Amino acid sequence: MPPLETTEFQKFYIDLQEEIKVNFSTADEGSTPEEIFTDIGLLSLADSGETENYRICYDEKASKRGVEHKINAYAISDNYETINLFITIFKGTEEVQKLGKDEIDIAAKRISNFFRNAINKSYLNEIEESAPIFDFAHTLSNSPELQENLVRVNAIVLTDCVYQGNHPTNTTIANFPIYYRIIDVNYLYNVSEKFHIPIE
């Protein structure tokens, strides 16, 4: 169970939201609190050795039916064996929120749809070459090394909320295995505590 009532966790959450607000107030035009939280969260994961070479890269495809796909960041291992896809659920509330399974399932579907669309070369034709996502989409659809070496796609939901439910069922897209993972604010708290060295 997450330490929702502990002083340390509450302080961590408040400090996190304050850091996001401060960074947003000085950020470049076009930046969003969601993007800033994504960067802070991924920096924590990188410091703990859980991801590397990550890149913040927002892309959202919408249609009359609503949002079809969404991605906030990605990371590719040096040998192209693993790809991490990140999608963010950011609330930015004063009190810690709990996420329901439905919100996780929607996020998992959107990040999966991104991979499905990007691995399909037709999506590349819909993106301008100047778009931030273009290089990654091009790599997914055209890189021989990736097609040959990729053995695992981690679809990761990153959130400033707490989630206590089950993870979505792992699946396969275009013969590539997709593994779902939830990194909530409690996990980020535990990572930060683990690597925090007190000053004496």
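The values are calculated or read from the model by the stated rules, or taken from the named source; none is laboratory data. What you see is a predicted model; the values in this text were computed from it and never measured. For neighbour counting, all protein chains shown are included, and Cβ atoms are generated from backbone atoms with ideal geometry for every residue, glycine included. To get the accessible areas, we keep the full protein, side chains included, count just its heavy atoms, and leave off ligands, DNA and RNA. Shrake-Rupley method; radii C 1.70, N 1.55, O 1.52, S 1.80 Å.
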Inset, instruction - Report, ordered by the first and then the second residue, all pairs with beta carbons closer than 7 Å, sequence separation of six or more or different chains, a first member in the range 27-41 that is within 12 Å of residue 73 (Cα to Cα) and among the small types (Gly, Ala, Ser), and a second member that is open to solvent by 30 Å² or more (accessible area, probe 1.4 Å) and at pLDDT below 95. - result: none
Legend entry - Enumeration of residues in the range 36-72 that are closer than 17 Å to residue 185 by Cα and not in a helix (DSSP H, G or I): 48, 50, 51, 72
Inset, instruction - Tell me, yes or no, whether the range 97-112 has at least one residue that is among the basic types (Lys, Arg), over 13 Å from residue 159 (Cβ atoms) and touching an Asp or Glu at 6+ places or on another chain (Cβ under 9 Å). - result: yes
